[in-house]
Amino acid sequence: MMRAAWLAQEILTTFADDIGEVALQPGSGGVLEIRLGHELIYSRKETGRFPEAKEIKQLIRDRIDPNRDLGHSDSK
């Protein structure tokens, strides 16, 4: 839960003017799904690993503002 909360904070900090809310829903078994609206953009179950913040920021950016520069979080 702490890593999910940290990731939520990273998303809110990066996309403060673009995202209205980040919701954390407690669960069990290490489930982590990240959705943008109704679209599933990341599933820990599918990848078998916890995502890097950079990776999630890029996935969100690619959907809401593809031309946005993420600075050090951008892949080169």
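The values are calculated or read from the model by the stated rules, or taken from the named source; none is laboratory data. As the structure is a computational prediction, the values presented were derived from the model and not from experiment. Positions of Cβ are generated from backbone atoms using ideal geometry, with glycine treated the same way; all protein chains shown enter the neighbour counts.
Does any residue of segment 61-73 turn out to be under 14 Å from the mean Cα position of the chain (by Cα), assigned to a helix (DSSP H, G or I) and aliphatic (A, V, I, L, M)? Checked segment 61-73: at least one residue is under 14 Å from the mean Cα position of the chain (by Cα), assigned to a helix (DSSP H, G or I) and aliphatic (A, V, I, L, M). Within segment 17-57, if we keep just the residues that are under 13 Å from L7 (Cα atoms) and part of a helix (DSSP H, G or I), the residue that is nearest to the chain's Cα centre (by Cα) turns out to be I56. Does R61 satisfy being among the basic types (K, R) and in contact with a Gly (Cβ under 9 Å, 6 or more places away or on another chain)? Here the answer is no, as R61 does not meet what is asked. Under the condition of being assigned to a loop (DSSP other than H, G, I, E, B) and either more than 13 Å from L59 (Cβ to Cβ) or of a type in the set (D, E) (or both), the residues counted in segment 1-16 number 2. Close contacts from segment 43-65, counting a first residue that is within 15 Å of A16 (Cα to Cα) and surrounded by 15 or more Cβ atoms within 10 Å (Cβ to Cβ) and a second that is modelled with pLDDT under 95 and aromatic (F, W, Y), with Cβ to Cβ under 7 Å and a gap of 6+ residues or different chains, come to I60/F15. May I ask you to list the residues in segment 4-40 that are surrounded by 11 or more Cβ atoms within 10 Å (Cβ to Cβ) and among the charged types (D, E, K, R)? Those that are surrounded by 11 or more Cβ atoms within 10 Å (Cβ to Cβ) and among the charged types (D, E, K, R): E10, D18, E33, R35.
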